[in-house]
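For reference, the structure discussed in these notes is given below.
The values are calculated or read from the model by the stated rules, or taken from the named source; none is laboratory data. Quick caveat, the model's predicted, so the values are computed rather than measured. When we count neighbours, we look across all protein chains shown, and the Cβ atoms used for this are built from the backbone with ideal geometry, even at glycine.
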């Protein structure tokens, strides 16, 4: 299996962050919270139940690595052309899949454009995925722009 591109790890960490560490927690653990799209989340964007126990940053990294491996497998299942493209392109779509889920990739026009290797159109499609909870989220605008930048890198 193809390894998780380091650029995908960096994007996920940058845009997810290790969130919701209360000042009162001397161990600096993350606690579950509801993300802007309305899902219970912990650490670096790991979906969880509301009663999930707090986690350390190391535990968050383990969750992130696992979630990104799942995202790589799904991305390659739905966009097999990425196995032979520059790693940055894979990283961009893996981050999208991690952020929005394999189901969104599977049914998207983005998937068709990637498999056609139409990178300009794929970038336009990425930029359409900026809504969370029914509204445009500034963080998603920036995240999609970063993914498009990676998608357009030739190496």
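Tell me, yes or no, whether region 106-118 has at least one residue that is touching a helix residue (DSSP H, G or I) at 6+ places or on another chain (Cβ under 6 Å), under 21 Å from residue 39 (Cα atoms) and modelled with pLDDT of 95 or more. The answer is yes, given that some residue of region 106-118 is touching a helix residue (DSSP H, G or I) at 6+ places or on another chain (Cβ under 6 Å), under 21 Å from residue 39 (Cα atoms) and modelled with pLDDT of 95 or more. For residue 58, the conditions (1) within 17 Å of the chain's Cα centre (by Cα); (2) farther than 26 Å from residue 110 by Cβ; (3) in a helix (DSSP H, G or I) are fulfilled apart from (1).
Being under 20 Å from residue 4 (Cβ atoms), without any contact (Cβ under 8 Å) to a residue 24 or more places away in the chain and in a helix (DSSP H, G or I): is that true of residue 105 here?
No: the conditions fail for residue 105.
Restricted to region 4-49, and to residues that are without any contact (Cβ under 8 Å) to a residue 12 or more places away in the chain and assigned to a loop (DSSP other than H, G, I, E, B), which residue is farthest from residue 130 (Cα to Cα)? Of everything passing the filter in region 4-49, 26 is farthest from residue 130 (Cα to Cα).
Which of the residues spanning region 43-68 are surrounded by fewer than 16 Cβ atoms within 10 Å (Cβ to Cβ) and either in contact with a helix residue (DSSP H, G or I) (Cβ under 7 Å, 6 or more places away or on another chain) or within 16 Å of residue 13 (Cα to Cα) (or both)?
Answer for region 43-68, where residues must be surrounded by fewer than 16 Cβ atoms within 10 Å (Cβ to Cβ) and either in contact with a helix residue (DSSP H, G or I) (Cβ under 7 Å, 6 or more places away or on another chain) or within 16 Å of residue 13 (Cα to Cα) (or both): 47, 56, 57, 58, 62, 65, 66.
I need the full set of residues from region 22-42 which are farther than 19 Å from residue 96 by Cα and either surrounded by 15 or more Cβ atoms within 10 Å (Cβ to Cβ) or in contact with a helix residue (DSSP H, G or I) (Cβ under 6 Å, 6 or more places away or on another chain) (or both), in order please.
Within region 22-42, 29, 30, 31, 32 meet the criteria.
Please specify each residue of region 127-143 satisfying the condition of being closer than 17 Å to residue 16 by Cβ, part of a loop (DSSP other than H, G, I, E, B) and modelled with pLDDT of 95 or more. Within region 127-143, 129, 130 meet the criteria.
Across region 79-86, not a single residue is classified as surrounded by 13 or more Cβ atoms within 10 Å (Cβ to Cβ), closer than 20 Å to residue 141 by Cα and in contact with a helix residue (DSSP H, G or I) (Cβ under 6 Å, 6 or more places away or on another chain).
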